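Engineer: Encoded as structure tokens, here's the structure I'll be asking about.
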Amino acid sequence: MPEGHSVHRIARQFSLHFVGHRVAASSPQGRFAEGAKQLDGHTMIGSKAVGKQMFLEFDNHLWLRVHLGLYGAWDFAGDITADATTASAGGRMGQTNQRGTITNQDAAEDSNASIGAPRKTRLRMSEQETLRPVEASAFPPEPIGAVRVRLLTEAAVADLRGPTACEVLTPEQVEVALAKLGPDPLVDKGTAAEDRFVRVVLKKPTPIALLLMDQSVVSGIGNVYRAEMLFRARLNPHTPGKELSEETVRALWRDWAHLLAIGVKTGQMLTRDGLTPAGKRKALSRRADRHWVYHREGLPCRVCGTNIVMEELGGRKLYWCPMDQA
């Protein structure tokens with residue numbers, strides 16, 4: 001499932017190429033025909049992400065809410081930016097690139113040379129971000145597969161497949177949806193959001209590993225970031241929230257803000273610190289070098305050498321070091 005940084009990058013793609021443009025909305029699959037009819041012919045005026053959910057605003061006071069879930073994906077085509085992170089002010093765009101960022105030997109991961117950007121491109125943004133050039137005459141491409149929603153401007157198209165949630169909302173309904181979500185460091189800046197997170201965690205008897213995945217407690221953290229944050233904090237994942245110190249919980253929030261910013265900038269869940277430039281390039285291109293504990297069950301801990309363990313918790317796989325996180 002895409003984690004928070006991915007959805008912020010997707011929202012930036014819409015901000016760059018759809019906001020301010022009249023949109024032809026349709027449902028090639030047919031399952032969203034009524035919703036598409038409500039949006040068709042209207043101008044997109046806003047795009048934002050909160051945690052794992054994205055909200056697109058239109059000039060008729062309606063919003064499109066999308067949650068990609070486990071199987072959802074956006075396919076972009078046309079005059080789009082392959083890496084909107086480097087092309088936009090304050091840039092956020094894209095998605096987890098589990099296959100690795102394509103970097104040249106001398107480029108930093110956030111340089112303009114890091115990902116090729118032909119004028120006509122196709123970009124898939126879901127759990128993996130893949131790019132390929134297309135012929136100029138191919139725009140707009142024919143819908144492929146079960147496209148729930150197609151959003152088309154004069155120069156760009158976005159096709160949505162397989163989302164968990166896709167619905168048209170009124171402003172009042174958007175407020176209700178947002179009220180159910182925990183704070184997101186990229187949206188809720190300042191101490192109020194941090195205080196809210198700390199207050200909720202410190203009163204809960206629930207294990208911290210479950211609290212970090214609870215989107216009503218904090219937005220955007222998924223299985224990868226959960227495991228990595230707990231290791232970086234050297235926290236036993238089974239520790240109840242109410243048994244943690246306020247200092248520890250505040251440090252978790254600030255680390256989430258730090259890692260989220262890196263993910264948005266690079267398109268990668270890069271969670272290891274202290275890498276050399278060569279090591280960083282290697283980590284960006286190979287997931288096996290990117291994390292401390294995630295997907296490393298049975299392998300030696302990078303710090304103490306103890307084998308990393310994996311267990312089921314809350315229906316998800318949890319990776320941790322039984323020595324450093326004892």
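All of the numbers you see were taken from the coordinates with simple rules; none came from a lab. Quantities reported herein were computed from a predicted structural model and do not represent experimental measurements. Note: ideal-geometry Cβ built from the backbone for every residue, glycine included; neighbour counts use all protein chains shown.
Engineer: If I model a spin label as a point 7 Å beyond the Cα along the Cα-Cβ vector, how far apart are those points for residue 317 and residue 170 in nm?
Structural biologist: Each label point is offset 7 Å from its Cα along the Cβ direction, giving 4.5 nm.
Engineer: Something else now. Sort 71, 225 by Cβ crowding within 10 Å, fewest neighbours at the top. Could the numbers behind the result be given before it?
Structural biologist: On the way: 71 12, 225 24.
With the fewest neighbours first, 71, 225 line up as 71, 225.
Engineer: Taking 24 Å as the cut-off for C-alpha to C-alpha distance, list the pairs among 203/265; 52/180; 48/204; 180/265; 48/265 that go past it.
Structural biologist: Among 203/265; 52/180; 48/204; 180/265; 48/265, the Cα-Cα distance tops 24 Å for 203/265; 48/204; 180/265.
Engineer: Right, next: Just how far, in whole angstrom, is region 270-301 from region 1-48 if you go by their alpha carbon centroids?
Structural biologist: Taking the Cα centre of each part, region 1-48 and region 270-301 sit 34 Å apart.
Engineer: Shifting gears a bit: Given the options 320, 240, 278, identify the residue whose Cα lies farthest towards the positive end of the charge dipole of region 209-325 (+1 on Cβ of Lys, Arg; -1 on Cβ of Asp, Glu).
Structural biologist: 278
Engineer: Give a quick list of GluC sites (Glu not before Pro) in region 147-203 that DSSP marks as loop, anything other than H, G, I, E or B, with at most 13 other Cβ atoms within 10 Å. Don't skip to the end; give the middle numbers.
Structural biologist: Numbers: sites: 154, 167, 172, 175, 194; in loops: 154.
Sites meeting the loop and neighbour criteria: 154.
Engineer: Listed highest first by mean packing, meaning other Cβ atoms within 10 Å per residue, what order do 281-291, 257-267 come in? Kindly include the intermediate steps, with their values, before the conclusion.
Structural biologist: Numbers: 281-291: 18.4, 257-267: 20.6.
Going from most to least packed, we get 257-267, 281-291.
Engineer: As a footprinting exposure proxy, order 55, 14 by other Cβ within 10 Å, with the fewest listed first. Please report the intermediate quantities before stating the final value.
Structural biologist: Details: 55 18, 14 24.
Listing 55, 14 from fewest to most nearby Cβ atoms yields 55, 14.
Engineer: For a footprinting-style exposure proxy, rank 168, 218 by other Cβ within 10 Å, fewest first.
Structural biologist: Values: 168 19, 218 26.
Taking fewest neighbouring Cβ atoms as first place, the list is 168, 218.
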